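Asker: Have a look at the structure that comes next, please.
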Amino acid sequence: MILDRFCGSILPPVLTTKSNMLRVKFFTDVPDPKNGFKARVSISTCGGMYRSAAGVISSPGFGNNGAYPANSQCDYRILTNPGSSITVQFKSLDLPDTYENCSEVDHVTVYSILPNENGGEDLLSPLGDFCGDKIPNVIQSSTNEILIRFKTFAHQSDYSGFMLKYS
C-alpha cells in the first residue's frame, strides 16, 4: 500500500504506517537531483496492530500513576474477520476529567474504521471520546476494524491511564 507520493520543496505531513514495515523509494529522472531528501523515521513506543479475536489493551505503564507518556498519541488498530464486529469494554479509566470536552485533556477515542476502497485514507467514524474515571457502557463497532486512539498532553502524575478488553 502506498502511503503517499511527494515531490517539490514542500514538506509533507507526518505519516504513520499501519504495519511493522516501511519502504521508502526515491526516484528521480533529472541528472542533478539537488539535495534529494532527508527523513526521520522512528519506532512508536505505544500502539500497534491487533489481529486476535480478543485481547486487552492498556496505556503505557498502566496502573502506575504518572507512568504514561506526555504529549503523545498512541494508536491501537484492531482488525478481525470480514463481516464481524468488535465489542470494546473499558475495565479501568483513570484520566483527567472535564465537564465540557474530553479533547482538551488526556483522553481515549474509539473509532470504527471504514476502509477506503480506492486505496486512499480510511474513514474514521467516532464511537466516543472518554476521559475522567467513569467507565462507559460497552461499545459496539459496526465494522470489523476499529481504532483506539490515546491522546495525551502535559505530564500527569495523578492518573494511571486506561485498560480495556475487546472481542
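Asker: Give me a comma-separated list of calculated 3J(HN,Hα) values for segment 62-69, in order, Karplus coefficients 6.51, -1.76, 1.60 applied at θ = phi - 60°, integers in Hz, x for any Gly or Pro.
Answerer: After applying 6.51 cos²θ - 1.76 cosθ + 1.60, I find 3, x, 10, 4, x, 7, 7, x Hz.
Asker: Within the chain, which cysteines find no other Cys whose Cβ is under 4.7 angstrom from their own?
Answerer: Isolated Cys, the chain: Cys7.
Asker: A further question on this structure: Compute the length gained on full extension between Gln73 and Asn35: take 0.36 nm times their separation in residues and subtract their Cα-Cα distance, giving the result in nm to one decimal.
Answerer: Length difference between fully extended and current span is 10.5 nm.
Asker: Need one number: % antiparallel among DSSP beta bridges in segment 38-167, to the nearest 5.
Answerer: Roughly 90 percent of the DSSP beta bridges within segment 38-167 come out antiparallel.
Asker: A further question follows. Just the accessible area per residue of the chain, please: how many Å² with a 1.4 Å probe?
Answerer: In whole numbers, the chain has 69 Å² accessible per residue.
Asker: Relative contact order for the chain: what is it in percent, counting Cα pairs under 8 Å that are at least 6 residues apart?
Answerer: 31 percent
Asker: Note the full-extension length gain between Ile135 and Ser52 as 0.36 nm times their separation in residues minus their Cα-Cα distance, in nm to one decimal.
Answerer: Length gained between Ile135 and Ser52: 27.5 nm.
Asker: Something else now. If I model a spin label as a point 7 Å beyond the Cα along the Cα-Cβ vector, how far apart are those points for Leu22 and Asp4 in nm?
Answerer: With each label point 7 Å from Cα toward Cβ, the separation is 1.3 nm.
Asker: So if each residue of separation counts as 0.36 nm, and I subtract the Cα-Cα distance between Thr87 and Phe62, what length gain in nm does that give?
Answerer: 6.9 nm
Asker: If you work out Rg/Rh (Cα atoms, Kirkwood Rh) from the coordinates, which of (i) 0.97; (ii) 1.04; (iii) 1.00 do you get?
Answerer: Matching the structure shown: (ii).
Asker: Could you work out how far apart the two model spin labels at Asp97 and Ser142 are, taking each label as a point 7 Å from the Cα in the direction of the beta carbon, and quote it in nm?
Answerer: 3.2 nm
Asker: Here's something else I'd like to know. Using a 1.4 Å probe on the protein heavy atoms, what percent of the accessible area of the chain belongs to carbon and sulfur?
Answerer: On the chain, the fraction of accessible area on carbon and sulfur atoms equals 50 percent.
The values are calculated or read from the model by the stated rules, or taken from the named source; none is laboratory data. Computed from a predicted model, the values in this text were never measured in an experiment. Positions of Cβ are generated from backbone atoms using ideal geometry, with glycine treated the same way; all protein chains shown enter the neighbour counts. For accessibility, only protein heavy atoms count, side chains too; no ligands or nucleic acids. Shrake-Rupley method; radii C 1.70, N 1.55, O 1.52, S 1.80 Å.
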